[in-house]
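Worksheet: one structure, shown below.
The values are calculated or read from the model by the stated rules, or taken from the named source; none is laboratory data. All figures in this text were calculated on a predicted structure; none of them were measured in a lab. Cβ placement follows ideal geometry from the backbone for every residue including glycine, while neighbour counts extend to all protein chains displayed. The protein model used for the area step is the full one, side chains on, heavy atoms only, and it has no ligands, DNA or RNA in it. Shrake-Rupley method; radii C 1.70, N 1.55, O 1.52, S 1.80 Å.
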Amino acid sequence: QVHVLESGGGLVQPGGSLRLTCSAPGNIFSQFDMAWYRQRPGEPRDWVAHITSRGIRTYKDAVSGRFVISRDDAKNTVTLEMNSLKPEDTGVYYCNRIPPLNTYWGQGTQVTVSS
């Protein structure tokens, strides 16, 4: 099991911002395409943003223009800047390779957007 740690979630009002960070020991991210996934209550987990090993970014339409995914391979971190948050962004956020590996799933970080 790889000890991936997601952090930075919390409660925020609509229109607010959060910055999520994913980290893990060792050099386990740099050669792989990485993604942030979201699981909303009652729904399956699905990716919302991913970044290739070369830095090419792709977003789901629902978050395009509001979220920015970045990576720092020297620090072995992947971040997700989330702006103009909406109630429908509420969920647990995870990072993992894409396609995901079962051994990479961490505990996730809860994001709640509510007034």
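What list of ³J(HN,Hα) values in whole Hz, one per residue of region 24-41 in order, does the Karplus curve 6.51 cos²θ - 1.76 cosθ + 1.60 (θ = phi - 60°) give from phi, with Gly and Pro shown as x?
For region 24-41, the Karplus curve yields 7, x, x, 9, 10, 9, 4, 8, 10, 6, 10, 8, 9, 10, 10, 10, 8, x Hz.
Ser53 to Gln1: extension gain in nm, 0.36 nm per residue of separation minus the Cα-Cα distance? Write out the running numbers ahead of the final one.
On the way: separation 52, 0.36 × 52 = 18.72 nm, distance 2.18 nm.
Using 0.36 nm per residue and subtracting the Cα-Cα distance, I get 16.5 nm.
Placing +1 on the Cβ of each Lys and Arg and -1 on the Cβ of each Asp and Glu in region 53-111, which of Leu85, Gln107, Ser53 has its Cα farthest towards the positive end of the resulting dipole?
Ser53
Placing +1 at every Lys and Arg Cβ and -1 at every Asp and Glu Cβ, with all other atoms neutral, what dipole size does region 38-115 have around its Cα centre, in debye to the nearest 20?
Here the size comes out at about 140 debye.
Please list, by residue number, everything in region 65-107 whose backbone N is under 16 Å from a paramagnetic label point 7 Å out along Cα→Cβ of Gln13.
84-87
When the chain is fully extended, how far beyond the present Cα-Cα distance does Thr112 get from Phe32, taking 0.36 nm per residue of separation?
Values: separation 80, 0.36 × 80 = 28.80 nm, distance 2.90 nm.
Separation in residues times 0.36 nm, less the Cα-Cα distance, equals 25.9 nm.
Per Stokes-Einstein, at 20 °C and 1.002 mPa s, what whole-number D in µm² s⁻¹ belongs to region 9-48, with the Kirkwood radius over Cα pairs as the hydrodynamic radius?
Using the Kirkwood radius from Cα pairs, D works out to 165 µm²/s.
What full-extension length gain, to one decimal in nm, is calculated for Glu88 and Ser70 as 0.36 nm per residue of separation minus the Cα-Cα distance?
4.3 nm
Provide the per-residue ³J(HN,Hα) series for region 53-63, in order, calculated from phi with Karplus coefficients 6.51, -1.76, 1.60 and θ = phi - 60°, each as a whole number of Hz, with x at glycine and proline positions.
4, 9, x, 7, 9, 9, 10, 5, 4, 5, 10
Any idea of the accessible area per residue across region 36-115, 1.4 Å probe, to the nearest Å²?
52
Would you mind telling me the share, in percent, of accessible area of the chain contributed by carbon and sulfur at probe 1.4 angstrom?
Ligands and nucleic acids excluded, carbon and sulfur give 49 percent.
Over all directions, how big on average is the projection of the convex hull of the alpha-carbon atoms in the chain, in square nanometres?
Mean orientational projected area (the chain, Cα hull): 6.5 nm².
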